[in-house]
Amino acid sequence: MSDATRRPPAGLDTSVPNVARMNDYFLGGKDNFAADRRAAEEVLAIAPEIRTMAKEGQAFLGRAVRHLVEQGITQFLTIGSGLPTQHNVHQVARSLEPAARVVYVADDPVVLSHSLALLATDPRTAVVRGDVLHPDELLADPELRRLIDLERPVALLITSALQFIPDEDDPFKSVARLRDAVAVGSHLVIAHAVFDTRPEAAGPLVDIYRKVLGRSEDASRTRTQVLRFFDGLELVDPGLVYIRQWRPDNPLAARRPERTWTVAGVARKTDA
């Protein structure tokens, strides 16, 4: 189906590229428009490994969810979720724990529209409008509270949003607020692109995403800076590592981990 015959949500300007739809393009999806593809190709011209990084991100999310279910977690709050794809959080969690409850949080109209349509008949899964920078409003959402009991351990999954939020917006404070609001035994899962091994790509890529997001600030970070998001929590083994190194299903898959320059970690809340 061409862009001309598709029907985006009312009020959506498809001439403006969008991060979630660009990621859909990187993953080989079809829920994107010409502007998204043009911006994505600009990114790929600088760093063609971005396609692999997007796929590795999905694979890591699946491994992390499986680990969390094994730890007894049955509630999942995924913030900044992208467009629905294969092996979504609720599908992975339910494959191991049929009673698992999942809430997806997004602020993009296309993501919300697709997710709501996909999950309309699923009573144990919800989609709510929100973002990581407004934690109190998010946690007060009645649909979220219908499924998520904050008195019991919950998994907070933030695997794409933080890398686009500059320090000026103080995402560290917002993540800390979420950390403080959940019960002991809860876990925080973060994935974040870093430029430790690709410093030459930082400037050109930041420029593209600044234009896409309509921002002037630089949101790029190093591994050391990303580590701050886990303050007050206990990182589980193997810590904050390149995404291929986080409990790979096949040890051979962890070779040349710096080729996919996203770091990822899972941490547990041990104190109230």
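With r defined as the distance between the Cβ atoms of Thr52 and Arg152 and R0 fixed at 41 Å, what FRET efficiency is calculated, to the nearest 0.05?
After rounding to 0.05, the efficiency reads 0.65.
For the stretch 19-268, what's the relative contact order in percent, using C-alpha pairs closer than 8 Å and at least 6 residues apart? Let's see the in-between values first.
Values: 429 pairs, mean separation 46.8, N = 250.
It rounds to 19 percent for the stretch 19-268.
Given the rule -39500 (n - 2.57) for each run of at least 4 DSSP H residues, summed and divided by the residues of the chain, what is its mean residue ellipticity at 222 nm, to the nearest 500 deg cm²/dmol?
Computed mean residue ellipticity for the chain: -11000 deg cm²/dmol.
Give me the net charge for the shell around Glu168: Cβ to Cβ below 14 angstrom, other residues only, Lys and Arg +1, Asp and Glu -1. Intermediate values should be presented prior to the final figure.
Details: positive: Lys173, Arg210, Arg215, Arg221; negative: Asp167, Asp169, Asp170, Glu217, Asp218.
Local charge sum for Glu168: -1.
Once you list every other residue whose beta carbon is under 15 Å from the beta carbon of Arg152, what net charge do they have if Lys and Arg are +1 and Asp and Glu are -1?
Details: positive: Arg101, Arg124, Arg145, Arg146, Arg268, Lys269; negative: Glu97, Asp149, Glu151.
Computed value for this residue: +3.
So how do 187-195, 249-257 stack up, highest first, on mean other-Cβ count within 10 Å? Don't jump to the answer; show the numbers that get you there.
Numbers: 187-195: 23.1, 249-257: 11.3.
Taking the mean over residues of other Cβ atoms within 10 Å, the ranking is 187-195, 249-257.
Just check the stretch 124-232 against the gyration tensor rule for me: Cα atoms, a ≥ b ≥ c as the square roots of the eigenvalues, rounded for a/c under 1.5, and otherwise prolate or oblate depending on whether a/b exceeds b/c.
prolate
Among the lysines, which fall within straight-line cross-link reach of Lys30, defined as a Cα-Cα distance under 26 Å, with same-chain neighbours fewer than 8 residues apart omitted?
List returned: Lys55, Lys211.
Percent of Cα-Cα pairs more than 24 Å apart in the chain, please.
47 percent
Counting only C-alpha contacts under 8 Å and six or more residues apart, can you give the relative contact order of the stretch 168-225 as a whole percent?
35 percent
Nearest-5 percent of antiparallel DSSP beta bridges in the chain?
40 percent
What are the trypsin sites (Lys or Arg not before Pro) within the stretch 18-105 that DSSP puts in a loop, where the Cβ has at most 14 other Cβ atoms within 10 Å?
Lys30
Pop a pseudo-label 7 angstrom from the Cα along the beta-carbon direction at both Thr222 and Glu41 and give the gap in nm to one decimal.
3.6 nm
Give me the one-decimal nm value for the distance between modelled label points at Glu70 and Ala34, 7 Å along each residue's Cα-to-Cβ direction.
4.8 nm
So for the stretch 19-268, taking the charge dipole from beta-carbon charges (+1 Lys/Arg, -1 Asp/Glu), which of Ala99, Val43, Leu227 sits furthest toward the positive end?
Farthest towards the positive end: Ala99.
May I ask you to derive the relative contact order of the stretch 70-125, considering only C-alpha pairs under 8 Å and at least 6 residues apart, and to give it as an integer percent?
42 percent
All of the numbers you see were taken from the coordinates with simple rules; none came from a lab. Just so it is clear, the structure is predicted and the values come from calculations on it, not from any experiment. Please note: Cβ atoms are built from the backbone with ideal geometry, for glycine as well, and neighbour counts cover all protein chains shown.
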